[in-house]
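The values are calculated or read from the model by the stated rules, or taken from the named source; none is laboratory data. Everything quoted here is computed from the prediction, not taken from an experiment. Every residue, glycine as well, gets a Cβ built from its backbone with ideal geometry; the counts of neighbours run over all protein chains shown.
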Amino acid sequence: TSKMRTYKEINPELSIHPVYTTKDYINERERLVFTRFRLCSHHLKIETGRWARVNAEDRVCDCGLGVQDESHVLFDCVKTEDVRAVFGVTEGEFADIGELMMRMDVHKLVSFVCCCMKKFD
């Protein structure tokens with residue numbers, strides 16, 4: 001399914017993310033947002049459209065630049081441009097979400113995902 005493809009993109013090795021094993025403090029609310037994002041259990045249009053049986057290509061973001069999916073929100077959406085600037089996520093820095101999940105510092109990653117997702121509450 002498309003949801004499984006997305007999950008495999010986010011977690012290509014199907015492994016436990018260091019967020020869940022670190023001894024460092026991770027804000028609980030941010031960890032929950034991160035976990036929901038990672039499991040595709042969020043309210044982006046790619047997911048809510050699935051519930052409403054809307055064709056995937058019609059689940060367009062309010063910015064009008066593409067389907068409102070996980071990759072669009074983190075890398076392309078104009079609504080999260082300021083968040084990318086604050087966290088130093090530049091165009092082409094990460095090949096995909098999987099690489100972002102593996103290379104970015106755990107605390108920075110959780111905060112980055114949480115800040116991006118807040119734009120779509």
task = Identify all residues within region 89-115 that are buried (at least 18 other Cβ atoms within 10 Å of the Cβ) and either of a type in the set (Ser, Thr, Tyr) or closer than 22 Å to residue 23 by Cα (or both); write none if there are none.
result = 100, 101, 104, 109, 110, 111, 112, 113, 114
note = Requiring at least 2 residues that are basic (Lys, Arg), loosely packed, with under 13 Cβ neighbours inside 10 Å and at pLDDT below 95, the helices (runs of 4 or more DSSP H) wholly within region 1-71 are 2-10
key: Residue count, region 50-68 (criterion: in contact (Cβ under 8 Å) with a residue 12 or more places away in the chain and either closer than 18 Å to residue 5 by Cα or among the aliphatic types (A, V, I, L, M) (or both))   = 7
task = Return yes when residue 94 is at pLDDT 95 or above and in contact with a helix residue (DSSP H, G or I) (Cβ under 8 Å, 6 or more places away or on another chain) and no when it is not.
result = no
note = In region 78-121, residues that are without any contact (Cβ under 8 Å) to a residue 40 or more places away in the chain, among the hydrophobic types (A, V, I, L, M, F, W, C) and not in a helix (DSSP H, G or I) total 4
